[in-house]
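The values are calculated or read from the model by the stated rules, or taken from the named source; none is laboratory data. This is a predicted model, so every value here is computed, not measured. FYI the Cβ positions are ideal-geometry reconstructions off the backbone, even for glycines, and counts take in every protein chain you see. To get the accessible areas, we keep the full protein, side chains included, count just its heavy atoms, and leave off ligands, DNA and RNA. Shrake-Rupley method; radii C 1.70, N 1.55, O 1.52, S 1.80 Å.
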Amino acid sequence: MPTIYHNHERTSTFFAVKLNLRLRLNLLVAIILLTKSSYTVMGFARSSFVANKPAKNPILKTTPISDARYANTSSSARFSGKLQSTTYNDRNNKRPRLKPNKMIASIIFATLLMTIKPAWAITAVAAAPSYQLTRILFLRMLAIVYIAAFSVAKFQNKGLIGDRGIAPARFVLDDSQKRQELRSARRKEWAEERKKYSQKGSWLMNKLSDSRIATLFRDKFWFRTDRADRPLPCLLWLAKDRRNLNPWLDGLANTGLLLSTIMLAAGSANALLIFALWLIQRSFMSVGGVFYGYGWEPQLAELTFHSLFLVPLLSMDPFFGSGSGVFAVPTLVLWATRFYLAKIMLGAGLIKMKSPDRKWKPGDMSAMYYFYETQPVPNPFSRYFHFMPKAWHKFEVWTNHVVELVAPFLLLSPLRKWRITGALIQIIFQLVLITSGNLSFLNWLTIVPAILCLDDVFLTNNLPSFAQKALIGTPMT
């Protein structure tokens with residue numbers, strides 16, 4: 001393993017410990033300030049009272065409730081602390097209370113116990129899993145999926161949605177253009193009607209709403225929708241002649257292939273590159289109709305959107321960071337991607353259990369008797385899977401339900417071993433599906449988010465040296 005991985009692991013660990021302590025110190029300061037400013041509001045009244053007459057509330061012009069009980073008593077009773085009352089607040093006054101100084105000191109001491117951790121706690125923070133190498137593997141696998149997706153688009157899109165294809169893309173764009181023109185006309189009528197009213201709303205909002213930028217945004221994006229009234233982001237809007245979109249379809253596919261190859265070779269990406277891949281994919285989805293309506297197309301776009309927040313804005317350095325260390329992979333993105341995978345697998349399992357087909361349900365469990373001979377495109381191994389014993393096919397159905405309905409919860413576990421176990425279950429399950437059938441790049445795409453459950457320690461300890469160089473080696477190392 002190249003030594004640069006271990007160097008970056010040490011620097012990222014030091015940076016994480018440094019950041020952790022800084023956050024706790026900020027928390028300490030915040031608690032002290034909040035305590036000093038609000039201890040009276042929280043009911044921590046002083047144990048001794050001032051002889052001055054309590055002030056009245058300037059808003060209500062009455063004596064505050066908390067001080068009214070002292071206004072009607074003698075000074076001797078107030079100073080002696082022998083005030084008797086049956087109100088709720090007075091019953092609480094009988095309990096022993098901490099003085100402000102002691103209370104603040106106790107809170108500071110308790111916070112210091114949380115802030116200044118012992119050696120074993122610092123070691124635990126330092127041993128927190130890192131995902132620098134995992135991100136390299138994730139981006140490479142995502143690039144492979146995109147190479148497959150754009151290769152399909154390059155060789156099939158002209159026949160499907162091209163100028164003389166089965167469902168030309170220009171029809172989708174023309175229909176969306178008509179909806180945009182109709183909405184723009186309606187809005188102009190509304191703007192003219194609004195001038196007749198005396199109350200025209202906020203001046204600033206009207207200016208912003210009628211500005212050239214807002215009008216351009218509405219006409220070029222927001223009002224251009226599909227039949228379901230959803231915005232239709234598509235780079236084909238830039239084409240001057242919609243009857244000659246074939247060069248645009250090829251150009252977008254070739255651009256996507258180029259960007260995917262760069263990400264595969266570098267093992268890294270930035271937000272601009274990921275956004276370009278997402279925009280090309282969404283452009284094909286916008287005009288693809290039924291041909292881009294299968295589950296793996298929006299699944300690829302959603303995973304790419306998550307990846308936008310996994311990489312830096314401009315840097316292509318796989319170990320990007322500051323001079324003091326390597327920036328950690330965003331934890332929120334890791335959990336969002338794991339939830340994305342759990343959602344997909346749970347949906348795949350629930351749709352089988354909620355279907356009226358009894359062959360997927362206990363009592364029958366015979367769905368796999370016919371699956372291999374009726375799937376869309378069997379591969380050379382499908383024949384051998386088909387002629388397995390019926391008991392094996394029932395075991396396959398039970399295994400499918402466990403993987404899709406139970407195992408996804410392991411992906412969301414806070415325990416590292418459980419997350420890794422859940423990820424390996426999903427990866428092995430998808431590899432079995434790849435060897436037994438052919439669902440385009442769907443199974444490979446489902447493997448990609450599972451990688452983010454495997455941390456750097458797992459990869460370096462379980463991948464052989466040649467696999468580490470091939471999968472997580474970069475030109476920098």
What is the one condition in (1) at pLDDT 95 or above; (2) crowded, with 22+ Cβ neighbours inside 10 Å that I147 does not satisfy? (2)
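T331 - would you say it is without any contact (Cβ under 8 Å) to a residue 40 or more places away in the chain, open to solvent by 30 Å² or more (accessible area, probe 1.4 Å), under 33 Å from the mean Cα position of the chain (by Cα) and more than 16 Å from L303 (Cβ to Cβ)?
Numbers: without any contact (Cβ under 8 Å) to a residue 40 or more places away in the chain: yes; open to solvent by 30 Å² or more (accessible area, probe 1.4 Å): yes; under 33 Å from the mean Cα position of the chain (by Cα): yes; more than 16 Å from L303 (Cβ to Cβ): yes.
Taking the combined requirement at face value, the residue satisfies it.
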Any residue that is open to solvent by 30 Å² or more (accessible area, probe 1.4 Å) and among the polar types (S, T, N, Q) - is there at least one of those in region 220-242? no
So for region 379-392 (the condition being among the small types (G, A, S), at pLDDT 90 or above and more than 25 Å from G295 (Cβ to Cβ)), does at least one residue qualify? yes
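Condition test on A342, is it open to solvent by less than 50 Å² (accessible area, probe 1.4 Å), without any contact (Cβ under 8 Å) to a residue 40 or more places away in the chain and either assigned to a helix (DSSP H, G or I) or at positive phi (or both)? Break it down stepwise before answering.
Working: open to solvent by less than 50 Å² (accessible area, probe 1.4 Å): yes; without any contact (Cβ under 8 Å) to a residue 40 or more places away in the chain: no; either assigned to a helix (DSSP H, G or I) or at positive phi (or both): yes.
Here the answer is no, as A342 does not meet what is asked.
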Is it the case that some residue within region 299-321 is open to solvent by less than 50 Å² (accessible area, probe 1.4 Å) and touching a His at 6+ places or on another chain (Cβ under 6 Å)? yes
Can you work out which of the residues in region 349-381 that are under 13 Å from N438 (Cβ atoms) and in contact with a Ser or Thr (Cβ under 6 Å, 6 or more places away or on another chain) is most open to solvent (accessible area, probe 1.4 Å)? F381
Is there a residue being touching a helix residue (DSSP H, G or I) at 6+ places or on another chain (Cβ under 9 Å), open to solvent by less than 40 Å² (accessible area, probe 1.4 Å), assigned to a loop (DSSP other than H, G, I, E, B) and modelled with pLDDT of 85 or more anywhere in region 164-183? yes
The listed residue being open to solvent by 20 Å² or more (accessible area, probe 1.4 Å) and in contact (Cβ under 8 Å) with a residue 40 or more places away in the chain, out of G267, G251, G289, G256: G289
Kindly indicate whether T399 is touching a Leu at 6+ places or on another chain (Cβ under 6 Å), assigned to a helix (DSSP H, G or I) and under 30 Å from H306 (Cα atoms). no
Unmet requirement for E302, which otherwise passes all of (1) more than 16 Å from the chain's Cα centre (by Cα); (2) of a type in the set (D, E); (3) in a helix (DSSP H, G or I): (1)
Of all residues in region 205-252, how many are in a helix (DSSP H, G or I), in contact with a Leu (Cβ under 6 Å, 6 or more places away or on another chain) and not hydrophobic (A, V, I, L, M, F, W, C)? 0
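Can you find a residue in region 446-456 that is surrounded by fewer than 19 Cβ atoms within 10 Å (Cβ to Cβ), assigned to a helix (DSSP H, G or I) and either touching a Gly at 6+ places or on another chain (Cβ under 7 Å) or in contact (Cβ under 8 Å) with a residue 12 or more places away in the chain (or both)?
Looking only at region 446-456, we keep the residues that are surrounded by fewer than 19 Cβ atoms within 10 Å (Cβ to Cβ), and these are none.
Among the residues of region 446-456, not one is surrounded by fewer than 19 Cβ atoms within 10 Å (Cβ to Cβ), assigned to a helix (DSSP H, G or I) and either touching a Gly at 6+ places or on another chain (Cβ under 7 Å) or in contact (Cβ under 8 Å) with a residue 12 or more places away in the chain (or both), which makes the answer no.
Which count do you get for residues in region 150-163 that are among the small types (G, A, S) and open to solvent by 10 Å² or more (accessible area, probe 1.4 Å)? Steps first, answer last, please.
From region 150-163, those among the small types (G, A, S) are 151, 153, 159, 162; that's our starting set.
Subset that is open to solvent by 10 Å² or more (accessible area, probe 1.4 Å): 151, 159.
Matching residues across region 150-163 total 2.
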State which residue is farthest from the chain's Cα centre (by Cα) when the search covers only region 393-428 and only residues that are crowded, with 16+ Cβ neighbours inside 10 Å, more than 17 Å from V448 (Cα to Cα) and of a type in the set (D, E, K, R). K394
